[in-house]
Amino acid sequence: MKTPHFAIIGSGTAGLATAILLAREGHQVTIFEQVEELSPVGAGLLLQPAGLAVFEHLGVLDQALKLGAKVTGLEGKLANKRLLVNSHYHQAGNNLYGLGIHRSTLCYILTQKLAEYSSHVTWRMNHHIERIEEQPHEIRLFGTDHQQHNFNDCFDAVLIANGARSQLRPKAWVKVDQAYLWGAAWSIVPECLNLNPEILHQFYDRSKIMMGVLPTGAIPSAPQQRLSSVFWSLPTSQLQSFLKDESAKQQWLKQVSDRWSDVAEWLEQLLLDEHNQPQWLSAQYRDVVMSRYGQGRIGVIGDAAHAMSPQLGQGANMALLDAWAFSQSLHAAQKNQQIDWSMLWQHYHQQRRSSTQFYQFLSRLLTPLYQSDHWWAGGIRDLTFPWMYQIPYFRKEMAITISGLKTGMFQHMSYQQIAEYQHNQNVLIQNNQSLPEYD
Ligand SMILES: Cc1cc2nc3c(=O)[nH]c(=O)nc-3n(C[C@H](O)[C@H](O)[C@H](O)COP(=O)(O)OP(=O)(O)OC[C@H]3O[C@@H](n4cnc5c(N)ncnc54)[C@H](O)[C@@H]3O)c2cc1C
């Protein structure tokens, strides 16, 4: 068989992780990225145990642990100081933990790994893909290069990994594609030691006020300086004025101070340093639901396939799980020196569909309880959550859910299953014979 040549559009978490797994298996990969240089901005994110299992599978976990910040759980406090959310990874399984990490660190770790397979990887930075055409035995990509010249190139298959705002995902597969009305302002600050630095701390008052402090470790260029990310939830219509307007930030500080004075004290200390004022950025989210993630020689992965609000902190994990599942499915679908594309997507949907549906459903259900103008939303949350935490079954299920391991309402994967899957490829191929048909 001729070595298949894959095109990957987008070098975010999904694109980079998939490129590593494909190149490691000896496939040729060309990555198209529209920006000139990989320098992802934005605050840190929380990698859940499921994402860290993929990191172990990729062979980058040790490096990630050196730079990131180990997180043992999530605590969410109400204005009356009562703990509303109190989930810890050990409730889902011994030795499980999360990792706060900067986007730039995540990108650095994945590109370093990819460099180990450089003979299998071609980079096309500053190349914007505009259109994809599926032909009988190949895929043709059309785009513009760094000099604004048009180009087109042929590949055996393409993975669309160009993020939540993708215009490339096949329109016929898109069921929902809409922006959320609420987003967040983010800032990276020196590590917060006033709060336990192994916990993601959140603060809520009804569904209109929400703040978070996430330990995110260091960036590669300054490994000694530990950092935290602060986010403040706002309707998207107010984000720009918050970023520009000093009085909006003063009002924010007052709102925090009226409710959580210990956190406000820490923030006030930060703001005293005139030369090191927090730089704020805005983040907006989309909700994207697709009827399928791949067919024939075209696949869609990462946020392009299933963008959601970051309420459950699953986006990067899901991108990593997509990469893992795609490489497993490709392996299972290689028979007689050929790739059986329909078997590949059947296997992929079997691995990813119900898990993705579960997290998208939950994210849609929970987001208005934390970010909305509904007068009743916060009250329902504040009544039901403490009740659920009293019941050991729900406590454990919540921890498994946050861990990113759920594959449906009543099922989940184990960390080891993801981390060690590469040693069990033969088992996977045998199991594949009993897969149900995916329509
Ligand atoms: C505020 C915020 C907080 C979050 N917190 C968490 C968290 O705690 N935990 C978690 O797991 N996730 C979190 N997420 C989600 C997570 O960041 C994303 O789900 C994840 O980064 C998606 O990766 P991706 O590779 O699919 O897309 P992206 O990272 O968006 O990458 C897409 C890439 O494609 C490129 N591109 C776009 N169009 C083209 C084109 N036409 N041609 C060529 N290149 C193109 C872009 O330049 C970009 O580099 C958060 C997201 C936000 C916004």
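Some notes on this structure:
- If you filter the stretch 384-405 down to residues that are over 19 Å from Tyr370 (Cβ atoms) and touching a residue at least 40 places away in the same chain (Cβ under 8 Å), you find that the one that is surrounded by the most Cβ atoms within 10 Å (Cβ to Cβ) is Ser403.
- In the stretch 101-125, the residues that are small (Gly, Ala, Ser) form Cβ pairs under 6 Å with partners that are within 15 Å of the ligand (Cβ to nearest atom), at six or more places apart or across chains, as follows: Ser104/Pro40.
- Among the residues making up the stretch 159-181, those that are among the hydrophobic types (A, V, I, L, M, F, W, C) and away from the ligand (no atom under 11 Å from the Cβ) are Ala172, Trp173, Val174, Val176, Ala179, Leu181.
- Helices (runs of 4 or more DSSP H) wholly inside the stretch 12-99 containing at least 1 residues that are within 16 Å of the ligand (Cβ to nearest atom), β-branched (Val, Ile, Thr) and farther than 30 Å from Ala264 by Cβ: 13-24, 49-58
- In the stretch 1-47, the residues that are closer than 27 Å to Val230 by Cβ, in contact with a Phe, Trp or Tyr (Cβ under 9 Å, 6 or more places away or on another chain) and at pLDDT below 95: Leu38, Gly42, Ala43, Gly44
- Members of the stretch 156-192 found to be in a strand (DSSP E or B) and closer than 19 Å to Asp322 by Cβ, listed by number: Ala157, Val158, Leu159, Ile160, Val174, Lys175, Val176, Asp177
- Residue check, Ser228 out of contact with any Gly (no Cβ under 7 Å at 6 or more places or on another chain), buried (at least 20 other Cβ atoms within 10 Å of the Cβ) and in a loop (DSSP other than H, G, I, E, B): no
- Taking residues in the stretch 302-329 that are near the ligand (Cβ under 9 Å from one of its atoms), and partners anywhere that are polar (S, T, N, Q) and not in a helix (DSSP H, G or I), the pairs with Cβ atoms closer than 7 Å and at least 6 places apart or on different chains are Ala304/Asn162; Ala304/Ser166; Gly313/Gln48; Gln314/Gln48; Asn317/Gln48.
- Being within 25 Å of Arg352 (Cα to Cα), modelled with pLDDT of 95 or more and surrounded by 15 or more Cβ atoms within 10 Å (Cβ to Cβ) is a description that does not apply to Gly76.
The values are calculated or read from the model by the stated rules, or taken from the named source; none is laboratory data. Here the structure is a predicted model, which means the values were calculated and not measured. Virtual Cβ from ideal backbone geometry, glycine too; neighbours counted across all protein chains shown.
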